[in-house]
Every structure is written in C-alpha cells, then in structure tokens.
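Bear in mind that the values in this text are calculations on the coordinates, not laboratory data. None of these values were measured; they are calculated from a predicted model. Heads up, the Cβs are rebuilt from the backbone with ideal geometry, glycines too, and the neighbour counts pull from every protein chain shown.
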Amino acid sequence: RGDLEIVNDYLIVADYMSVDKGIYIYNKKTHEHVASTGSKGRGPHEVISYSFISKDCENNSFYMPDYGRDLLYKFELDSIFENPKYLPSIQYDFNNGTKIFQVGIIDDSLAVCRTGKLLNPNTLKSYTGKVNINSGKVTKICSPLVEKKNLQTLSAYSKKHDLYVEAYSNFDLITGVNQDGEKIFETYGPEWHERIIKKKFFNVVRIIGDKILVKYCGKKRISINENGRRISTPSTKIMVFNLQGRYQKTLELRTSIYSFTGDGGMLYILSGDDGSIYQLDANDLLQNEV
C-alpha cells in the first residue's frame, strides 16, 4: 500500500506500511535510490500515518498530510539531500476541525482541495475549497454535485491548465473546475445514480500532459479472494479522458493497480499484487484515441 508521484527529476514513493523512513526518493531516469525521509514516530515533525503525495515542482518540494497527527507536512528535496536527519516543516494544522485532502498546489501559499468540517467524529461535510496553507484560511469555491456526507473522492490539480479534477469512488462521475470553482466539465458514466450503490468506480486520478487518467473498477466494492477473505476489489483499468472530460480510451493492465503517476513520457504503476513498480511508455499508450 502506498502512493507515488514525480517531482522534476525524482520519483517519490510513499510506503504506507513502513516502520522507519517510509518515503523513498529515486532518480526517475536511472532508478537509483537517492534518499529516504519521513521518519516514522510520534516525536516532533515525525510521521504517524503516511498518505497521499502532492507535488510542488516549482519549489522542488512535495506535501503530505499526516492524518495520525492532523498536520500537513512540507518536504523540500534540496534540504533532504543535504541533511540525512532532515525533518519536514508543518505547513497546516487540521486540528481546528477543517480537514483537507489531496491538496493541489497553486503556489507556496495557496492550494485547492477537497475540504470540509467534521460534524461529529464519524461524519464529514465536504466541499471544494481554496486553502491558504500559511494562514489556515479556507474559502469555499464550489459544492459537490452530489450532496452526500462522507463523499469518497480523489483529486488532481494541474497549475499549467488551471484544472482541478475530482473522481468519485461511490458514483460514476468525474468533474473538473478551475481554481475559482468555475465548471469546466461534468462527466457522467453509464452507471450514474444519485444514490450510493455498492460499487467502486473511480479512485486515483492524475493529470499527465494533456490527458486525465483515472483508476477505474466498476465492480462491487468488496470481493472474496482465493483464501475466502473479504478484500477491497482490485482495479486493473485506467480510463483516459481529455482535458474537457471527454472519454478517449481504457488501458487494461496485467496487474492490479494501487496507485500510479506519470510525467508525459513514462507511466509508473504501483502494483497492488506484489508492491512492485512498473514503468510503461506513456507516449505509446496514450497517443491514440479510440
């Protein structure tokens, strides 16, 4: 279990199950391991729970929320390389009751993300917001199309295209807005319902070049494996859309997908089967529309 993202020349990999430094940094061209960071623990600036990686290529940095401490950490690559004992800075504190998820970095003070207020310990009322990660001020920019509590969405933001995409796990729906909340597209799939059904639709979403890529399942959320155990149904498909939300093609992979990323030249797939990372030629996979 984990996540991966590309920041300039480096592939960042978060291992959610690690008991030590669970964030690994590799040279994306040579695959050489360059450094590890994110010390696991309960001490100052240590990480209790690894989570999604949000890139900030302009500042050669990345962000990661720690929901064990309700903090957003900032990791600076240059400092990591210079100091083996590097600890991240605290960029945002969720303990005021406002949660933020998968931030899309606009600049070194602003981010767009799914955010919301905890109504009680088990219920989150969420919306799309713009967050000043220095002051903590949150501005609502739009409401979700589906007015449900505890919505399950994942998101991606492209500063180049000023496009924030949300993919819904419990609805056959993806949406796109700009950083001010103005609608760019709403794409409803053939199994769209306004009520939650027991299927898992979209999950990890990335904007790679001029394409939107989303991990897709389309099956019941829970399945039974060969050992008779209940598991989250694995996904082997990535759907490809253009920047206007128009469907183009589906990539069927030979491994289940936990997470993925890419940079226009290559796709990196974190396998849900064995934890391996596979590298695929993105140009070959994405160039042809269907």
*Quick one: net charge of Ser61's neighbours, Cβ under 10 Å, K/R +1, D/E -1?*
-3
*Would you mind ranking Cys113, Cys217 by Cβ crowding within 10 Å, fewest neighbours first?*
Cys217, Cys113
*Taking the chain as a Gaussian network, Cα atoms linked when under 10 Å apart, which of Val205, Val19, Val214 shows the biggest mean-square fluctuation?*
Val19
*Anyone know which of Phe75, Phe202, Phe185 comes out most mobile in the 10 Å Cα GNM of the chain?*
Phe185
*If you average the sequence gap of Cα pairs under 8 Å that are 6 or more apart and divide by the length of the range 3-61, what percent do you get for the contact order?*
33 percent
*With charges set only on the Cβ (+1 for Lys and Arg, -1 for Asp and Glu), what does the dipole of the chain come to about its Cα centre, in debye to the nearest 20?*
1340 debye
*Taking the chain as the region of interest, what is the percent of Cα-Cα pairs per 10 angstrom bin, listed from the shortest bin to the one with the maximum distance?*
6, 28, 38, 24, 4, 0
*How high is the relative contact order of the chain, in percent, with contacts defined as C-alpha pairs under 8 Å that are six or more residues apart?*
10 percent
*Taking every pair of alpha-carbon atoms in the range 1-108, what share in percent sits in each 5 Å bin, from 0 to the bin with the longest distance?*
2, 13, 25, 27, 21, 9, 2, 1, 0
*Neighbour net charge for Ile6 - beta-carbon separation under 10 angstrom, K R +1, D E -1*: 0
*If a/c stays under 1.5 just call it rounded; otherwise compare a/b with b/c (prolate if a/b is bigger, oblate if not). Do that for the range 156-290, with a ≥ b ≥ c from the square roots of the Cα gyration tensor eigenvalues.*
oblate
*For Gly38, what charge total do you get from the other residues with a beta carbon under 10 Å from its beta carbon, if Lys and Arg give +1 and Asp and Glu give -1?*
-2
_Placed amide H near Gly218: partners under 5 Å, 5+ positions off or other chain_ = Lys200, Phe201
*Could you give the radius of gyration (one decimal) and Dmax (whole number) of the Cα atoms in the range 58-109, in Å?*
11.8, 35
*So what is the 222 nm mean residue ellipticity for the chain from helices alone, if each DSSP H run of at least 4 adds -39500 (n - 2.57) and you divide by all residues, rounding to the nearest 500 deg cm²/dmol?*
-1000 deg cm²/dmol
*For the range 1-57, give the share of DSSP beta bridges that are antiparallel, in percent and rounded to the nearest 5; count only bridges with both residues there.*
95 percent
_Coarse-grained scattering of the range 1-59 at q = 0.13, 0.17, 0.19, 0.28 Å⁻¹, given as base-10 log I(q)/I(0) from a Debye sum over alpha-carbon atoms_ = -0.33, -0.55, -0.68, -1.17
*Burial ordering of Met64, Met17, fewest other beta-carbon atoms within 10 Å first*: Met17, Met64
_Contour minus Cα-Cα distance for Ser89 and Arg42 (0.36 nm per residue)_ = 15.4 nm
*By the gyration tensor of its Cα atoms, with a ≥ b ≥ c the square roots of the eigenvalues, what is the shape of the range 218-282: rounded for a/c under 1.5, prolate for a/b over b/c, or oblate?*
oblate
